[in-house]
Structures are given as structure tokens and as C-alpha cells.
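A short worksheet on the structure shown next.
Please treat every number below as a calculation from the coordinates, not as lab data. On a predicted model such as this, the values are computed, not experimentally measured, just so you know. Cβ placement follows ideal geometry from the backbone for every residue including glycine, while neighbour counts extend to all protein chains displayed.
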Amino acid sequence: MIMTRDTTEPSEFATTVEGAGTLDFIGVDFRLDLRFTDGASVQLESAFTITDRSRGSVVVDPERKDSLLPILQLFGRELDRRSVEGDTLTLFFADGVTLVAGPDAGFESWHFSGPKGRPVRVDPLEGSTSPGAEEALRVRVPGRPFALDIAGDTVDLMSIGPDVTIRFSSGASLRFETDFALTGADGEHAFLDPGDEPSLLGLLALHTEVVSDGAVTGGRIAIRFASGALLEGWPNRRGPSWHYSEPGRARVDIDALPDGEVRHRHSPSSAEIRR
């Protein structure tokens, strides 16, 4: 069962998912990547807490590899449910262990993506200089969508190199430089990495697919296809994550910046706004 409620007030933001499967993948680099058998995933980029009834609470920091044993011990465990309340993500495991990730005053702290749901991010408030100050933090709630003029287009070219570029029949293009996601028509959700060629195999199935609609909402770009597939990208703190361009007299260029902002450039006036 998936229940989702979005509002413009962070204190009212709530997402609850029950029947979440088991933890069957743990990836470790500058962050922790947890993937579950229902297709959902959680990325943890800042310190969080794991509480075990018998051993108490410990703090795990993705940047301190010597602190990762408690997270590795969760491999194969069943997850009862996961919830987002305000700016805090909580994972409830069947054996009573809980994982709690709150906000971070300097970085994105966590990212959750359900098998069919829209991902949710927690980011520090722009200009925050007070780590741990609750009033200086907020959940980024997507703003008004910016519609992309590609409905009815087909995917006519995909190039794979240091980044991944998808070109549409109208001449519009979308380039991913960091991780992005693809949900197939069957509901299977996967994160794709431009630097990991095997992960990109499923993307090739989009060739000749017809676009039903596309939009940029906050820092998220989402393109839906007539088949039911969904392609998504978000900002990434490591650097620019995606770039979208539409040709024509009113050329549009959109970039997702490392700080979570999205830059829109409209030619020929070259007017630039930040959303």
C-alpha cells in the first residue's frame, strides 16, 4: 500500500509505504545506496542513526567507512515499512531495528524513490549556516511544472560516453552527467549511472519510444512515454546533473545545478531566470 500526501508546508509533508520487501543491495561510495526487493531505493549522504533494541543506538556516517558495520548487518532483513515525516526518513525493519535519517545543514541528507512513487529529497535551506538548527531547514517541495514541448516526439538517438545523451525527433535533447532513473512499463525502477555501462542496458529500450509528456518541476525532470515508462533526473551535489535543450526560435536550455537550483535560458533574448 502506498499513501502519499504533498503540501507546500514542510511540517505537513508525509509519505508512508508499507510492505516494503527486503534489503537486497548495499552500495558504498561517497554515499550509501540501499535497494529493496520491491524496487524501492534509499540513498543516504549524511550521518544517520540505527537503533537496535538489544544494542542501543549508533551513528553511521557514509564518509566514515569504519562506521558502516551496522548498515552491512541489515543486508537481507525484511522491511516492515518506511515513512517520511517532515524532513525525517525512518525505515522500520521487521526485527525491531530502525534507521532514522534527518536533514543536514550542509548537504542533501537522503533521497527516497519508491517503485512507482515520485522521489522525495531533503535539502538544507539555501544560506543555512547553523548545523542542526531545525528552523534553518526545509523540505524542497516542487514548484509549478515547466512543460517541455516534446509530446508526440520519438527517441531517435542515444549516445553513451562520459555522459548519456538522448535526442528526440524534434531536435530536443537531454543529457545526463550523473545518476538518473528509469521506471519501465512494468513498474521496475532502476538507477542508471553514465559511468556504468551495464546499468544503461535498459535505457536502450527507449529507442523509437513515443513521448506522452515531459516537465521540469523544481530540480526534477520527468519524461513519460506512451508505453508507460518514466525517465527522471535530479540535481546532484557532485556537479551539474542534467541538461535539457529545445531548438527553434524560442530556444530553451535548462540546467540542473549542484546547489539544487535550476537555470532556465531562453533565446534569442538570452533572458536568464532562476527557479
Zone of SER169's modelled label, taken as backbone nitrogen in the stretch 182-213 under 13 Å from a point 7 Å along Cα→Cβ: 207-212
Highest to lowest packing among 33-45, 158-170, scored as the average C-beta count within 10 Å: 33-45, 158-170
Compactness relative to 2.2 N^0.38 Å, alpha carbon Rg of the stretch 181-237: 1.12
Rounded if a/c under 1.5, otherwise prolate or oblate - the stretch 144-253, Cα gyration tensor axes: rounded
Gain on full stretching of the segment that runs from ASP196 to ALA147 - 0.36 nm per residue minus C-alpha separation: 14.6 nm
Computed log₁₀ I(q)/I(0) - Debye formula, equal Cα scatterers, no solvent, the stretch 151-213, q 0.13, 0.20, 0.26, 0.30 Å⁻¹: -0.33, -0.79, -1.24, -1.39
Calculated FRET efficiency for the pair PHE25/ALA185, C-beta based, R₀ 35 Å, to 0.05: 0.95
Nearest-0.05 FRET efficiency for ASP213 and SER83, computed from C-beta distance (R0 41 Å): 0.85
